[in-house]
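Visitor: Pasting in a structure now, in structure tokens, and then I'll have a few things to ask.
Where a number appears in this text, it was derived from the coordinates with a stated rule and is not lab data. Remember, it's a predicted structure, so these values are computed and weren't measured experimentally. Here Cβ is always computed from backbone atoms with ideal geometry, including for glycine, and neighbour counts include all displayed protein chains.
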Amino acid sequence: MISVIIPALNEEEPIAAVVRACLTTGLPGEVIVVDNGSNDRTSDRAEAAGARVVLEPRPGYGRACAGGVGGLSPDCDLVVFLDGDGSDCPEFMPELVEPIQRGEQDFVIGSRTRGKREAGSMNFQQVFAGRIAGWLVGLLYGVRYTDMCPFRAIRRDALEKLGMKEQTYGWNLEMQMRAARAGLRILEIPVNHRCRTGGESKVSGTLRGTFVAGARIIATLFRVAFER
Ligand SMILES: Nc1nc2c(ncn2[C@@H]2O[C@H](COP(=O)(O)OP(=O)(O)OP(=O)(O)O)[C@@H](O)[C@H]2O)c(=O)[nH]1
Ligand SMILES: [Mg+2]
């Protein structure tokens, strides 16, 4: 069974449409929205749209994703992650999950830099950071990524063996590094990307968010690269 995990913080405007678009693909057996401390109606709207809400009281993108993994149903064998702001395009879900279902890949990740991007949906720093991080991971582990796209699919057993630790914005890169180092079969496919469909940016749209996320991502790169 496919489970979708959506980290969401104060996304009451876009979240219902994101949940519905995931369900419309007919693929997921469950959609889990992980709300860590929203002070708006994110949880209610997610639930009304058909999601199961997991509350993660401690803040942080990585904690939210990990909270979702902790709340997976026992039947789940394939996990899809995407953001709750409406910027990822769930219609690409079949392309992400089918290579895993066919037994050909363990980890399939979208690349927004290789897909069609709506004007303004990614800023220069995001595109640049994704390229640089991808290049560094290539040097370290021989797997070339072109983005740190949040939209991705992975076998549940493989994910649980990775030993994910990152609690904040380094989560996406940490998964890519650990997957490469573990020798998983990895495929990157172009996915389209839109501007968020409502609500406010927490990361790339603000100067503070950009610096905090950038620092966490760099710290993650060093931590994972040098850990023994
Ligand atoms: N649970 C949780 N989710 C978060 C947290 N911070 C951000 N998110 C979610 O993570 C996703 C990415 O955050 P965004 O604000 O969209 O960051 P971004 O994509 O760089 O910025 P945009 O340009 O606005 O799309 C969204 O679904 C957020 O709701 C957090 O601390 N906890
Ligand atoms: Mg976003």
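Visitor: Given all pairs of different Cα atoms, what value in angstroms does the Kirkwood hydrodynamic radius of region 105-148 take?
Guide: Answer for region 105-148: a Kirkwood hydrodynamic radius of 11.1 Å.
Visitor: Here is a follow-up. Give me the tail of P(r) for region 69-127 as a percent: Cα-Cα pairs with distance above 13 Å.
Guide: The calculated P(r) of region 69-127 puts 70 percent of pairs beyond 13 Å.
Visitor: Considering only C-alpha atoms, what is the centroid distance from region 142-187 to region 30-94, in Å?
Guide: Value for the Cα centre distance between the two parts: 18 Å.
Visitor: Here's a follow-up. Given charges of +1 on the Cβ of Lys and Arg and -1 on the Cβ of Asp and Glu, with all other atoms neutral, how large is the dipole of region 102-228 about its Cα centre, in debye to the nearest 20?
Guide: With Lys and Arg at +1 and Asp and Glu at -1, about 80 debye.
Visitor: Let me ask another. Order by neighbour count: ASP83, ASP88, ASP157, fewest other Cβ atoms within 10 Å first, most last.
Guide: Least crowded to most crowded, the residues run ASP157, ASP83, ASP88.
Visitor: In addition: Which shape class, rounded, prolate or oblate, goes with region 148-219 when its Cα gyration tensor gives a ≥ b ≥ c as root eigenvalues, a/c under 1.5 marks rounded, and past that a/b bigger than b/c marks prolate?
Guide: Here region 148-219 falls in the oblate category.
Visitor: State the volume of the convex hull built on the alpha-carbon positions of region 35-105, expressed per residue in Å³ and rounded to an integer.
Guide: Dividing the Cα hull volume of region 35-105 by its residue count gives 114 Å³.
Visitor: Rounded to the nearest 20 debye, what is the charge dipole size of the chain about its Cα centre when +1 sits on each Lys and Arg Cβ and -1 on each Asp and Glu Cβ?
Guide: The calculation lands at about 860 debye.
Visitor: Please identify the DSSP H helices in the chain that span no less than 24 Å along the helix axis (Cα) and have a mean Kyte-Doolittle hydropathy of -1.0 or more.
Guide: The qualifying helices are 124-141, 207-226.
Visitor: Largest first and to the nearest Å, give the Cα extent of the chain along each principal axis.
Guide: In descending order, the Cα extents are 45, 41, 34 Å.
Visitor: Ok, one more. For the charge dipole of the chain, defined by +1 on Lys and Arg C-beta atoms and -1 on Asp and Glu C-beta atoms about the Cα centroid, which residue among THR210, GLY134, GLY70 has the Cα displaced farthest towards the positive pole?
Guide: Farthest towards the positive end: GLY134.
Visitor: With a bin width of 5 angstrom, please list the P(r) values of region 113-179 as percents of all Cα-Cα pairs, from the 0 bin to the one holding the largest distance.
Guide: 3, 16, 24, 25, 18, 9, 4, 0
Visitor: Let me see the pair-distance distribution of region 56-155: every alpha carbon pair, 5 Å bin width, integer percents in order.
Guide: 2, 11, 18, 21, 22, 16, 8, 2, 0
Visitor: Taking all pairs of different Cα atoms in region 1-84, averaging 1/r and flipping that mean, what Kirkwood radius in angstroms comes out?
Guide: After inverting the mean inverse Cα-Cα distance, the result is 12.2 Å.
Visitor: Could you work out the local net charge near CYS76, counting Lys and Arg as +1, Asp and Glu as -1, over the other residues with Cβ closer than 9 Å to its Cβ?
Guide: Here the charged neighbours net out to -2.
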